[in-house]
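The structure under discussion appears below in the form of structure tokens.
The values are calculated or read from the model by the stated rules, or taken from the named source; none is laboratory data. Only a predicted model underlies this, so the values are computations on that prediction, with no experimental measurement involved. We place every Cβ from the backbone using ideal geometry, glycine too, and count neighbours over all the protein chains shown. Keep in mind that these areas ignore ligands, DNA and RNA; they rest on the heavy atoms of the full protein, side chains included. Shrake-Rupley method; radii C 1.70, N 1.55, O 1.52, S 1.80 Å.
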Amino acid sequence: MTVDALTDVPGLRVGHATRRGGGWLTGTTVVLAPEGGAVAAVDVRGGGPGTKETDALDPRNLVRRVEAVVLTGGSAFGLDAASGVMAWLEERGRGVRVGPDPSHVVPVVPAACVFDLGRGGDFRARPDAATGREAVEAAAASEPGGPVPQGCVGAGTGATVGPVKGGVGTASTVLASGVTVAALVVANAAGSAVDPETGVLYGDLLQGRVAYPDAGVHEAARRRLAEAAARNAPPPLNTTLAVVATDADLSKAQAQKLAGTAHDGIARAVRPVHLLNDGDTVFALSTGARPLAPDQPLALNDILAAGADTVTRAIVRAVRAAEPVQTPAGTWPSYGELYDPTR
């Protein structure tokens, strides 16, 4: 039984630490790999990325597997959350072995951040090592294969997508080969997920026929969004982050290709994308449980296409799951509040 989430890839767990209220509107999300790690790669396309340990994921370099990936709010300050995850992993002897003793490990924990500084009202309210530890502990305590909370949680707590509230979303698919491909996204883009002419989510347009909002509803929503955008200054500095994962046995180079093509999923759901004030970053993980079929290139193509598709669906889910937020720093209506107030 699947739950249409990143945790449908056996062995992966997700944990959130959420900080909200009293000047806070931020958090951290950790994707915890099975013990022994997962093959990992990354592709960064935004013009303003905030990352940690991404060079280690280059296929030319030493590290092949990682034990966890951190997605966090707090801009570059929030990357400190990875330190808490590293400490937790070290205590359990999980990481790259660097000495004769089992405790001699260095956990390599890639991380990327979104910009949400000050959205809760306090510019200095941002994730730290304790937030990262809380998130990885939540991941470790979660039920294997269980559902993943979506919306304004973890690294998506302070996320926005254009003038509407963003958040965390996740989706998965099982290919005809039996391979599972899944994605988890923190939707926090400077661009918009909403077609300004119709009110339809861009990502929905690529998933078949859609129901267009009533013209009156759309016009009222446009007025609300314009008012919110005028109040929420300065213009946003944003980033969309994603982890796309599979149980197929991929090399680091193949995983890097998966991370790259998964960016297509962002481009389908957000316009414009990969701007100078975005830090769009996609991590790819392979647990290696399923060997690729003999016709390896064709099997890999199916995985690449599914990675992009699940990222698009995850962004749609993030925007739909988000709730409206009002803080001293600004007001961000949700898509559901504007276009589906009865949900």
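With Cα atoms defining each centre, the range 200-270 and the range 35-55 are spaced 20 Å apart in the structure.
Counting only Cβ charges, +1 for Lys and Arg and -1 for Asp and Glu, the dipole size of the range 67-124 around its Cα centre is about 80 debye. Computed from the C-beta positions of residue 123 and residue 176, the FRET efficiency with R₀ = 35 Å rounds to 0.10.
Projecting the Cα atoms of 69, 145, 168 onto the dipole axis of the chain, where Lys and Arg carry +1 and Asp and Glu carry -1 at the beta carbon, places 168 farthest toward the positive end.
Taking label positions 7 Å along the Cα-Cβ direction at both residue 209 and residue 323, the computed distance is 3.5 nm, reported to one decimal.
Solvent exposure of the range 157-280 amounts to 37 Å² per residue of accessible area, where only protein heavy atoms count and the probe is 1.4 Å. Rounded to the nearest 20 debye, the dipole size of the chain about its Cα centre is 380 debye, using +1 on the Cβ of Lys and Arg and -1 on the Cβ of Asp and Glu. Largest GNM mean-square fluctuation across 197, 143, 90, computed for the chain with C-alpha springs under 10 Å, falls on 197. The three principal axes of the C-alpha atoms in the range 219-329 carry coordinate ranges of 56, 26, 22 Å, sorted with the longest axis first.
Straight-line reach from residue 52: taking Cα to Cα under 18 Å and skipping same-chain neighbours fewer than 8 places apart, the aspartates and glutamates in range are 43, 67, 80, 90, 116, 128, 278, 280. Applying 1/(1 + (r/R0)^6) with r as the Cβ-Cβ distance of residue 223 and residue 276 and R0 = 25 angstrom yields a FRET efficiency of 0.30. Computed from point charges on the beta carbon alone (+1 for Lys and Arg, -1 for Asp and Glu), the dipole magnitude for the range 61-186 about its Cα centre is near 300 Debye. Heavy-atom surface analysis with a 1.4 Å probe gives the range 28-84 a carbon and sulfur content of 46 percent of its accessible area.
Ligands, DNA and RNA aside, residue 218 has an accessible area near 20 Å² when probed at 1.4 Å.
Rounded, prolate or oblate: which one fits the range 264-316, using the alpha carbon gyration tensor with axes a ≥ b ≥ c (rounded when a/c is under 1.5, else prolate when a/b beats b/c, else oblate)?
Prolate, because a/c is 1.5 or more and a/b exceeds b/c.
As I understand it, the dipole of the chain uses +1 on the Cβ of Lys and Arg and -1 on the Cβ of Asp and Glu, about the Cα centre. Which of 105, 310, 30 lies farthest toward its positive end? Farthest towards the positive end: 30.
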